[in-house]
1. Return the residue satisfying two criteria in turn: it lies in segment 183-199 and is within 21 Å of Y233 (Cα to Cα) and over 17 Å from the mean Cα position of the chain (by Cα), and of such residues it is nearest to the ligand (Cβ to nearest atom).
2. Do any residues in segment 36-55 that are closer than 15 Å to A123 by Cβ have Cβ atoms under 8 Å from those of residues that are among the β-branched types (V, I, T) and buried (at least 18 other Cβ atoms within 10 Å of the Cβ), where the two are at least six apart or on different chains, and which pairs are they?
3. Out of segment 79-99, which residues are surrounded by fewer than 16 Cβ atoms within 10 Å (Cβ to Cβ), among the hydroxyl-bearing types (S, T, Y) and touching a residue at least 40 places away in the same chain (Cβ under 8 Å)?
4. Can you tell me which residue in segment 120-153 is farthest from the ligand (Cβ to nearest atom), limited to those that are surrounded by fewer than 22 Cβ atoms within 10 Å (Cβ to Cβ) and of a type in the set (D, E, K, R)?
5. Can you name the helices (runs of 4 or more DSSP H) wholly within segment 168-269 that have at least 2 residues being crowded, with 21+ Cβ neighbours inside 10 Å and out of contact with any helix residue (DSSP H, G or I) (no Cβ under 9 Å at 6 or more places or on another chain)?
6. Filtering segment 1-23 down to residues that are away from the ligand (no atom under 16 Å from the Cβ) and outside any strand (DSSP E or B), which residue is modelled with the lowest pLDDT?
7. What pairs come out if I take residues in segment 123-151 that are in the same structural domain as H85 (by TED's automatic domain parsing) and pair them with residues that are in a strand (DSSP E or B) and more than 16 Å from the ligand (Cβ to nearest atom) whose C-beta lies under 6 Å away, six or more apart or interchain?
8. Among the residues of segment 126-147, are any of a type in the set (V, I, T) and either assigned to a strand (DSSP E or B) or more than 28 Å from M66 (Cβ to Cβ) (or both)?
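The values are calculated or read from the model by the stated rules, or taken from the named source; none is laboratory data. A quick note: this is a predicted structure, and the numbers were derived from the prediction, not measured. So basically every Cβ, Gly included, is an ideal-geometry build from the backbone, and we count neighbours across all protein chains shown.
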Amino acid sequence: MANMIMRFPGGVPKALTLSYDDGVEQDERLIEIAEKYGIKGTFNLNSGCFPPEDVAYEKGTIHRRMPLQKAKEVYAKSSWEIAAHAYTHASLVGLSGNIATDEILHDRKELEKHFGTIVRGFAYPFGAYDDRSVDILKNCSICYARTVESTHDFHLPKDWLRLPATCHHADPELMNLAKRFAETKDWWDPMFFYLWGHSYEFEACDNWDVIEEFCKYMGHRDDIWYATNIEIYDYCNAFNQLIFNTEMTKCQNPTSRGIWFTYGEKDVYVPAGAAVTF
Ligand SMILES: [Zn+2]
């Protein structure tokens, strides 16, 4: 048998996604910069923390959450995913089970109502989680949950409910990792770059050039799929549902999305709901 490697949509070997938390005003500028280079990702919001519509922040306030109407306008213009981040931004660790469940489910419910979407992603407030948090997320039908751990690597996660990032944008290794990711060819595995942070940090550190440089370097490449977190999760999940014969010459795709992979020297595409011989 030959080696089989999952490819991303279009047959490309790499995927890049961003993940930014808290729903702050600076997200608007982040969207603008990322989308200029064809990059997108996911915003993790706390639906119990929207300030009043007429909020006026004191001069010098950096962490400025957007009121709901503003958030709706900003995110509706983008192609980013909306995910949950706990209703009141409470750490799930240490809360009683019913309260932790409510933090997740209440957030999901409110975000789904406000943004007209199905919310299936999550980022752990303060990066805090334990085995019980993972069980509770599963019971709330959350598919993936981002931690604040950095791998400095490009593997897809083994456990989507303990999803680590490649790095935070303030990581001194950021551009070295980006270069390694962009320049590597013929890896034995699908390559995945996951960047996270808070957009207000760019204002706090006066370093918007960090994300501009990253996006400019990583954007508009032929061999990278630019996607939201859930798009990548759903694609991997669909790939895992492919059905093969024992000779590895036939593949059936029972899912609703086209799937790409390489088998030995062959590039194979299996359209949604179709069966192919390769
Ligand atoms: Zn947060």
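1. Looking at the filtered set, the residue picked out is D189.
2. From residues that are closer than 15 Å to A123 by Cβ, the pairs are G41/T17; G41/T228; T42/T17; T42/I82; T42/T228; T42/I230; F43/I82; L45/I82.
3. S79, T88, listed by residue number.
4. D153
5. Where helices (runs of 4 or more DSSP H) fall fully within segment 168-269 and carry at least 2 residues being crowded, with 21+ Cβ neighbours inside 10 Å and out of contact with any helix residue (DSSP H, G or I) (no Cβ under 9 Å at 6 or more places or on another chain), they are 229-239.
6. Here the answer is M1.
7. Between residues of segment 123-151 that are in the same structural domain as H85 (by TED's automatic domain parsing) and residues that are in a strand (DSSP E or B) and more than 16 Å from the ligand (Cβ to nearest atom), the close pairs are T147/P164; E149/P164; S150/C167; T151/P164.
8. Within segment 126-147, one or more residues are of a type in the set (V, I, T) and either assigned to a strand (DSSP E or B) or more than 28 Å from M66 (Cβ to Cβ) (or both).
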